[in-house]
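The block underneath contains the structure these notes are about, expressed in structure tokens.
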């Protein structure tokens, strides 16, 4: 079974937006004027479009969605548009105007963008995929409408997440696919974070894209390229993306490296990785979390109270924001106990990512209570769509995929 | 379907009133600071002198004046500075705040007085 055409389109659209932003930032660092940058991005987009039409003539899907499933999809999209409206603030949430959109305002001015690194208090060490997108289109169309472009990007990735899960799950089980789709669309926490104009939803989306694409990696190299491009976008979206990408490559080493597939991995991640390395080495201040580690870290690692506190906060966040995952978790555990399918390595990967985030709090140099309060729900938001997807996918495991993904 | 959804959401968002508490203030500040943004070049550094105003106002000022550099609590304010104080500040205090400086522009809204001054 190959990837659904709709899934491929969604991943491609998201990755394209990510690459426009990444290439824009890379060219900003060269000091080129905006008109030249826009022309290069335009030519690159045309070339990418031509290459796709020329080399991608195969039918993606062997099981196109039925009219009934399209109807469900449409109802969900309308429901999302109606429900998300009250959650979208005019200027975004606190971090939007103090970090992400603030950076975008600098990136909309190629002559002055480097000034954003002068403010140590507004996290200039963060990667710039989300600000880059808003900055590029704001400069291209209207700087006064910067928040609108940021909102459109947030809206898109928030909608793409449940739609992508639906595309992947519904062809095999319309009940499970619809349940995951509507529970995510109707989750207030997901919607709030989704249109807050932060970068967490974008990271959640790109990580999910990587997990979806890697499933088909051994069938065709283009899926390795899609997965690699998604991983590249993860790298350039948030610092946590580096942790996710490292673990992803570690868990999927065979699918990404063997049989010459490493070339596609390199091709996909090269531009975002180059942009990240250049920015971190030449412009960005050191990351506080890493730079401020000291001998105290060992004491933190052996302090049991920290683990307890993080765990209770984790459970509280699940209960307060991600109640839907408990339902899927119980069903999945029951299925495992009954011997219906196994947890594949993508499921284990997501769990290890949760564990890695857990350890970030253990060694944080910030006040733990404050750090948990201000960010744990967002970090969990980054992984919840991936967890939901791998649970659903594992519940529908077919013998065909057992050989590829048996852990 | 997705394109239609995005266009609908974008149009609704563009017309959306700023009615959340922070956003109401930000929207006012955005309109009040528009003349300052026209007067000060994008490459400039400008001070922000808050008098009896919450710190968020600095963050919002910094946001709306970007890419101009607005340093946070500098030891010495830059030559050109924007002074912001509550609209209820009495005249004698306002005079004291701006004493010895040339007023380049002033304005007020329902929340704050704004004085763009230079040494």
Length gain on complete extension for the stretch residue A:302 to residue A:369, per 0.36 nm per residue less the alpha carbon to alpha carbon distance? 22.4 nm
Where N is the number of residues in the protein assembly as shown, Cα Rg divided by 2.2 N^0.38 Å: 1.03
Compute from the Cα atoms of the stretch A:182-340 the Rg and the Dmax, the latter being the longest Cα-Cα distance, and quote both in angstrom. 18.9, 55
For the stretch A:184-243, take N as its residue count and report Rg(C-alpha) divided by 2.2 N^0.38 Å. 1.25
Compute the long axis of helix B:2-14 from its Cα atoms, compare it with the longest principal axis of the Cα atoms of chain B, and write down the angle in degrees, 0 to 90, nearest 10. 30 degrees
Using just the helices of chain A, give the 222 nm mean residue ellipticity in deg cm²/dmol: DSSP H runs with n ≥ 4 each add -39,500 (n - 2.57), and the total is spread over all residues, rounded to 500. -23000 deg cm²/dmol
Which whole number gives the average count of other chain Cβ atoms within 10 Å of the Cβ atoms across peptide A:159-169? 1
Partner shielding of A:78-90, taken as the mean number of other chain Cβ atoms within 10 Å, equals 4
Relative to the longest principal axis of the C-alpha atoms of chain B, give the angle of the C-alpha long axis of helix B:21-39, reported between 0 and 90° and rounded to the nearest 10°. 60 degrees
When A:360, A:161 are ordered from fewest to most other Cβ atoms inside 10 Å of their Cβ, what list results? A:360, A:161
To test your reading of the geometry: what angle, between 0 and 90 degrees and rounded to tens, separates the Cα axis of helix B:56-65 from the longest principal axis of chain B? 80 degrees
Comparing A:370, A:113, A:100 in a Gaussian network model of chain A (Cα, 10 Å), the one with the largest mean-square fluctuation is A:370
Quick one: order B:103, A:75 by neighbouring beta-carbon count within 10 Å, fewest to most. B:103, A:75
Over chain A, with a Gaussian network built from C-alpha contacts below 10 Å, which listed residue (A:67, A:342, A:172) shows the highest mean-square fluctuation? A:67
Averaged over A:102-110, number of beta-carbon atoms from partner chains that fall within 10 Å: 3
Of the listed peptides B:67-80, A:234-247, what is their order by residue-averaged count of other C-beta atoms within 10 Å, with the highest listed first? A:234-247, B:67-80
nm² value of the averaged projected area, convex hull over the Cα atoms of the stretch B:2-118: 8.8 nm²
Treat each spin label as a single point 7 Å out from the Cα along the C-beta direction, and report the residue A:66 to residue A:253 distance in nm. 4.4 nm
Sorting A:146, A:348 on the 10 Å Cβ count, fewest up front, what's the list? A:348, A:146
With a Cα-only, solvent-free Debye model of the stretch B:1-70, what are the log10 I(q)/I(0) values at q = 0.14, 0.15, 0.23 Å⁻¹? -0.57, -0.63, -1.00
With r as the distance between the Cβ atoms of residue B:95 and residue A:287 and R0 = 45 Å, compute the FRET efficiency 1/(1 + (r/R0)^6) and round to 0.05. 0.45
Report the relative contact order of chain A, percent, no decimals, based on alpha-carbon pairs under 8 angstrom and at least 6 residues apart. 18 percent
Peptide ranges A:310-321, A:327-338 listed from the most packed, as the mean C-beta count within 10 angstrom indicates: A:310-321, A:327-338
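Since every read-out is calculated from the coordinates, none of them should be taken as a lab result. Computed from a predicted model, the values in this text were never measured in an experiment. Every residue, glycine as well, gets a Cβ built from its backbone with ideal geometry; the counts of neighbours run over all protein chains shown.
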